[in-house]
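Peer 1: I'd like to ask some things about the structure below.
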Amino acid sequence: MSHADDDNGLPPLPSGEGNARALGDGVIRGANVVPSPPAPPQAGEGSPYSATLPDDTATQALGARLARVLEPGLSIWLSGDLGAGKTTLTRGLLRELGYGGRVKSPTYTLVELYPFSSFNLYHFDLYRFVDQDEWEDAGFREYFNDTSLCLVEWPEKGGALLPGPDVRVDLDILDTGRIAHVQGLTEAGKKCIARLFIP
Ligand SMILES: Nc1ncnc2c1ncn2[C@@H]1O[C@H](COP(=O)(O)OP(=O)(O)O)[C@@H](O)[C@H]1O
Ligand SMILES: [Mg+2]
């Protein structure tokens, strides 16, 4: 299943933007966000945004698209099995923000800081998080503030220590490719995700 217009209960993809090429099948390919007729019926705040991602490049393209709408102060939860594409999406987001270095999951260090001129981006991977005391000792709590954007892989492992998300991204593995569901959960998060629907 790789077509967004399959009967999968999901809203169609939004119209493309900028350099998007109309391929007509509602699939994000590379840097192109492809319009899928008919026009999206639910573009209001709080609507989940869904996209079929045939390959790694498409996952990065969704990350880049998120980079254009997210703001400092938000916490983004990235959920999905091992290999679902959480780090790949983060990589695309960071590239779009201008970071040219290596991006890998901070599985052992738990968090990686990417400083930008006006905000810090913290990329958490809590897969191996077990020591609750480490949360306070390492000062993780302070990382969630108005001037930081936090992306969290394996948020389930953070338990009650982790502040709730403004935006949640769920990545599901398909036979080939992935499907992503993006939802704003707070007012600020909903406002950002609503912008994903704007052509
Ligand atoms: N949409 C996609 N279709 C197929 N493979 C993908 C897609 N997105 C990412 N991948 C691949 O899946 C693998 C695991 O990705 P990764 O981002 O490390 O997953 P996670 O962080 O969720 O464990 C990588 O080899 C990546 O290239
Ligand atoms: Mg990862």
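Peer 1: Taking neighbour counts of Cβ atoms within 10 Å as a proxy for exposure, in what order, fewest first, do Trp135, Trp154 appear?
Peer 2: Trp135, Trp154
Peer 1: Related question: If you plug each phi of region 135-149 into the Karplus form 6.51 cos²θ - 1.76 cosθ + 1.60 with θ = phi - 60°, what whole-Hz ³J(HN,Hα) values come out, in order, with x for Gly and Pro?
Peer 2: 4, 6, 4, 7, x, 4, 4, 5, 5, 8, 9, 5, 10, 10, 10
Peer 1: Using a 10 Å cut-off around each Cβ, can you sort Asp172, Asp146 from fewest to most neighbouring Cβ atoms?
Peer 2: Ordered by Cβ neighbours within 10 Å, fewest first: Asp146, Asp172.
Peer 1: How do Cys150, Cys192 rank when sorted from fewest to most other Cβ atoms within 10 Å of their own Cβ?
Peer 2: With the sparsest Cβ surroundings first, the list reads Cys192, Cys150.
Peer 1: Also: Antiparallel versus total DSSP beta bridges in region 49-196: what percent is that, nearest 5?
Peer 2: Just about 55 percent of them are antiparallel.
Peer 1: Could you check the spin-label model distance between Ala160 and Arg141? Points 7 Å from the Cα along Cα→Cβ, value in nm.
Peer 2: 1.3 nm
Peer 1: Distance between Cα centroids, region 83-100 to region 147-183: provide it in whole Å.
Peer 2: Cα centres, region 83-100 to region 147-183: 13 Å.
Peer 1: Taking loop as defined by DSSP and a crowding limit of 15 other beta carbons within 10 Å, which trypsin sites (Lys or Arg not before Pro) in region 57-101 fit?
Peer 2: Here the sparse-neighbourhood loop sites are Arg68.
Peer 1: So if R0 is 25 Å, what FRET efficiency would Arg68 and Glu134 give, r being the distance between their Cβ atoms, rounded to the nearest 0.05?
Peer 2: The value I calculate is 0.15.
Read-outs throughout are calculated quantities, based only on the coordinates presented, and are distinct from any laboratory measurement. Here the structure is a predicted model, which is why all the values come from computation and not from measurement. Positions of Cβ are generated from backbone atoms using ideal geometry, with glycine treated the same way; all protein chains shown enter the neighbour counts.
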